[in-house]
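**Student:** Here it is, the structure, as structure tokens.
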Amino acid sequence: MRDHPPLSLDGVEVARAALGQLTEAQRLALAIEITIGASDPASTFHLVRLERTAATAAQDLTRVQFVTEEMRKCL
């Protein structure tokens, strides 16, 4: 017999809560580790989507860094 109620969170919510405890570097390292472990051909679409999303994020961060550095030069 249980002395506590069952968890109401499903696996995804639990994972999101756990990810909230990690630093950005730790989250990215975990994402890389998970991606390396992908082996199901059905994952192809999601891996391509992940690739494009990561490339867009990297480009955006690069642009922000460039603009920030250029603005410092002007001040």
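The values are calculated or read from the model by the stated rules, or taken from the named source; none is laboratory data. Source: prediction; values computed, not measured. Cβ sites come from the backbone with ideal geometry, for glycine too, and all protein chains shown count toward neighbours.
**Student:** Enumerate the pairs (first residue in region 38-58 and outside the structural domain of residue 28 (by TED's automatic domain parsing); second residue anywhere and outside any helix (DSSP H, G or I) and not charged (D, E, K, R)) with beta-carbon separation below 8 Å, excluding pairs fewer than 6 apart on the same chain, so at least 6 apart or on different chains.
**Tutor:** Partner pairs satisfying both residue conditions: 47/38.
Conditions tested, residue by residue: (1) surrounded by 10 or more Cβ atoms within 10 Å (Cβ to Cβ); (2) modelled with pLDDT under 95; (3) within 15 Å of the chain's Cα centre (by Cα).
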position: 11; (1), (2), (3): no, yes, no
position: 17; (1), (2), (3): yes, yes, yes
position: 57; (1), (2), (3): yes, no, yes
position: 74; (1), (2), (3): no, yes, no
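**Student:** Something else now. So if I check each of 27, 52, 63, which one is under 24 Å from residue 15 (Cα atoms), modelled with pLDDT of 95 or more, more than 11 Å from the chain's Cα centre (by Cα) and among the charged types (D, E, K, R)?
**Tutor:** 52
**Student:** Restricting to region 19-55, name every residue that is among the β-branched types (Val, Ile, Thr) and surrounded by 10 or more Cβ atoms within 10 Å (Cβ to Cβ).
**Tutor:** Within region 19-55, 32, 34, 35, 44, 48, 53 qualify.
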